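See structure below.
A short reminder: the numbers here are calculations on the coordinates, not readings from a lab. Remember, predicted model here, so these are calculated numbers, not experimental data. Positions of Cβ are backbone-derived with ideal geometry, glycine not excepted, and every protein chain shown enters the neighbour counts.
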Amino acid sequence: MTSMRDQPTPYPDVERPPYATALCVSLGALLLYMVTLAPTTQFWDASEYSTAVHALGIPHPPGNPLFILLAHAWGLLPLGADYARRINLLAALTSAAAAALWFLIGERWLRPSVADRALRRLTAAAGAVVGATAFTVWNQSVANEKVYTVSVLSIALVLWLAVRWADQPVATRRDHHLVLIAYVLALTATNHLMGVLAAPAVLVYVLATDARALIRPRFLVAAALVAVVGTSVDLFMPIRAHFDPYLNQGEPTTWPALHAVLTREQFGKPSVFDNPMYPPGPENPGHTLLLYGQQLLNYVQYFSWQFGRDWPAGVQRLLAVAFAALGLVGARRQWRSERRAALAITTLMLTLTVALVFYLNFKWGFSQSYSAPGLEHEVRERDYFFIASFAAWGIWVGMGLAAVMEWLQRGLNRGEPRGARHWVVCAPVLLVAFVPLVGNRLTASRAGETMARDYARDVLQSVDPYALVITAGDNDTFPLWYAQEVEGVRRDVSVLVLSLANTGWYLRQLQRRAPATFDPQAAPALYGSRTWARPATPWMRRYYAPESRDTLPPYALLEQPSRGYLGPIDVTLDPRTLGRGYLERSDLAVLQIIKDRLGERPIYFSTSTGPYADRLGLSPYLVGEGLVRRVVPRPVTPSDTVRLVEGRGFVNIPRTRALAFDVYRGGETAARPRPRGWVDVPSQNSLFGYVFVYDTIAATLRERDPALAARAAALRDAILANTTYALPAERRAAGN
């Protein structure tokens, strides 16, 4: 290895890139991801995206049309029986391809300081391994939960294209690489704006190489043209929305609706200058330095997870310090050997960390320890937003490993000429790169995890034909969408998710979409004892009907208790019980549906909605049946079949028993031993529905059927063993 001080900055570099080695790095990463790949759909956005891809539909804003088109084409390939597994494989492939590009970039930028070709490639490969096996990168590469692996690939690609452009001799340098960069940046913007975060790094790299290239008329015209072509992919959404696919979020059939989708208006993202835990307006305390510091600490928390997530929190923090130090050593080395490249990657890292943290402006992190009355944490961990920074950090780690090896060599060579043989002694330093592989192998893997798919099937098979099941949000809804659209499970059932029912487009779709014909052959035997007539009328008689201009208002004030009738039932709406002095549009829609259809069509609340139905005054009219609660037209009274269970209201015991042991698959899945328990704490509520089901059976059948009660209790305890309620306090504190 030549000294950094003696090596001039190379302009240009003419050595051929090691594409064969890059391919090996990519194949190694891909093999690892395939071994730990999720076999089917998962919780959070994975089910929504697989559904949208299958239906060629529109997921939540910003719609991600590039990903939908790419993944839909990919999903047509015969790469496995399970559709979601195929889409998960796309995440693995794009992430593995990005690892190859990170290797190429690292190898190129190591040339000024590492003369030995074999050693340089080994060191760059070590950095790529660290980036590819970082917890968040690995975990997001084995399930297509988000579109971010495509964004990471585009970031690495545009950076590599900039490197290749700069390496051309000045006399022969052409701008086609820059035009291609402009096109990729425009194209990746139609996948997610994360991909555009590479632009500042590319800009400073180009300015440091040949600033005049950016103002050449031919380049400016070509860049503008390809930018228009790239962003034109967004036009897929208004075109496809007119066909009303199964998933049509935001329904962008007009320019204002398309603008609302592209700007994520539905989520009401706060200004970067506001405090996200307070309402906007003059009373908002603003994005203070203290809040920004807490948000940066949240990023530090996520960084500490990347290198040994399987191990205790103290070990995780120790490893984070070690790999942070290695990266900073690598950064210092790069700044001393090639400032142009150092400026580019430093810009990239600052953009992907401190700038992105400020822009995202999150509430307190889900597992951060801060608390104050009325102030909220994020509903889940948000480490996936920073996946690109964790992947790119591997470049500096590789450079840091090279620096450590050089220091060791100098020590071994003290007093004698430097000899290549000493690198054999120093090479074991590269084994440090495998620490994240060993330390994340349990937590990052999603191999064998079928909980989301099984939960969705169980909920849909819990309800009568042509029913409406009311759900709360992502994890109790997206898997149901996947089961219906992709697997064809109980398409006769309508799903109303409360988190979207405040929007007009969602209620319009609920009204106009007729259910599929019930197929008794694909349903449990308990529905085969009668004939079920397919309904011909929408859920609400009046609101959002095509011939009516009436709409549900965004809200209705509820200043004092109000008693009224919803068809045959008598309810009292109390603002104290509801927890607010108004009814939202979603509340009004639920009440209207009950008023119009109770007694004509089955209506259920998923148990995941918690006490929501009780707050609407419906407690006397609810009967628990497995994972759902049925709304009945008369007040419930205890009987031989219906028991009043403390804390859970009335439960139909025979029906719950039949569902739990003859229909459900998710109970056994939830009870399956997991070495790290249920890792994603925010989604563990989906397991608790089964806990309540089996606990109810264990309690009510203890005397009548002790064997079945014991089996139910065993399942309950095995499920709880996977949750934080069964974990030691130290592991709970670590956010596991």
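A few remarks follow.
- Here the average projected area of the convex hull drawn through the C-alpha atoms of the chain stands at 35.8 nm².
- Residues with amide H under 5 Å from that of V497, placed H, sequence gap 5 or more: T471
- Rg over Rh [alpha-carbon atoms, Kirkwood Rh] for region 124-184: 1.12
- Expressed per residue, the C-alpha convex hull volume of region 575-699 stands at 135 Å³.
- Using the Karplus relation 6.51 cos²θ - 1.76 cosθ + 1.60 with θ = phi - 60°, the per-residue 3J(HN,Hα) values for region 257-268 come to 5, 5, 4, 5, 5, 5, 9, 6, 4, 4, 8, x Hz, with x marking Gly and Pro.
- Within region 534-665, antiparallel bridges make up roughly 90 percent of the DSSP beta bridges whose residues both belong there.
- Annotation for region 145-201: chymotrypsin sites (Phe, Trp or Tyr not before Pro) lying in DSSP loop with at most 14 further Cβ atoms inside 10 Å of their Cβ do not exist.
- Sum of -39500 (n - 2.57) over DSSP H runs of 4+, divided by residues of the chain (222 nm, nearest 500): -15000 deg cm²/dmol
- An oblate overall shape is assigned to region 282-347, the ratio a/c of its alpha-carbon gyration tensor axes (a ≥ b ≥ c) being 1.5 or greater and a/b not exceeding b/c.
- Ranked by how many other beta carbons lie within 10 Å on average, peptides 339-350, 308-319, 106-117 from highest: 106-117, 339-350, 308-319
- Under the combined filter of DSSP loop state and at most 14 neighbouring Cβ atoms within 10 Å, region 463-556 retains these GluC sites (Glu not before Pro): E547.
- Placing unit charges on the Cβ atoms only, positive for Lys and Arg and negative for Asp and Glu, gives the chain a dipole magnitude near 1360 debye about its Cα centre.
- Partner lysines for K363 [C-alpha distance under 17 Å; skip if fewer than 8 residues away on the same chain]: K269
- Per-peptide average of other Cβ atoms within 10 Å, ordering 694-702, 139-147 highest first: 139-147, 694-702
- Per-peptide packing, taken as the mean over residues of other Cβ atoms within 10 Å, places 18-28, 589-599 in the sequence 589-599, 18-28 from highest down.
- Placed amide H near W364: partners under 5 Å, 5+ positions off or other chain: E378
- Over region 19-439: Kirkwood hydrodynamic radius from C-alpha pairwise inverse distances, Å: 22.8
- Shape class for region 193-280: oblate, because the ratio a/c of the largest to smallest gyration tensor axis (alpha-carbon atoms, square roots of eigenvalues) is 1.5 or more and b/c is at least a/b.
- Distance between modelled label sites at S271 and F358, nm, 7 Å Cα→Cβ extension: 1.6
- Positive-end residue, the chain charge dipole about Cα centroid, Cβ charges, pick of N361, L708, A536: N361
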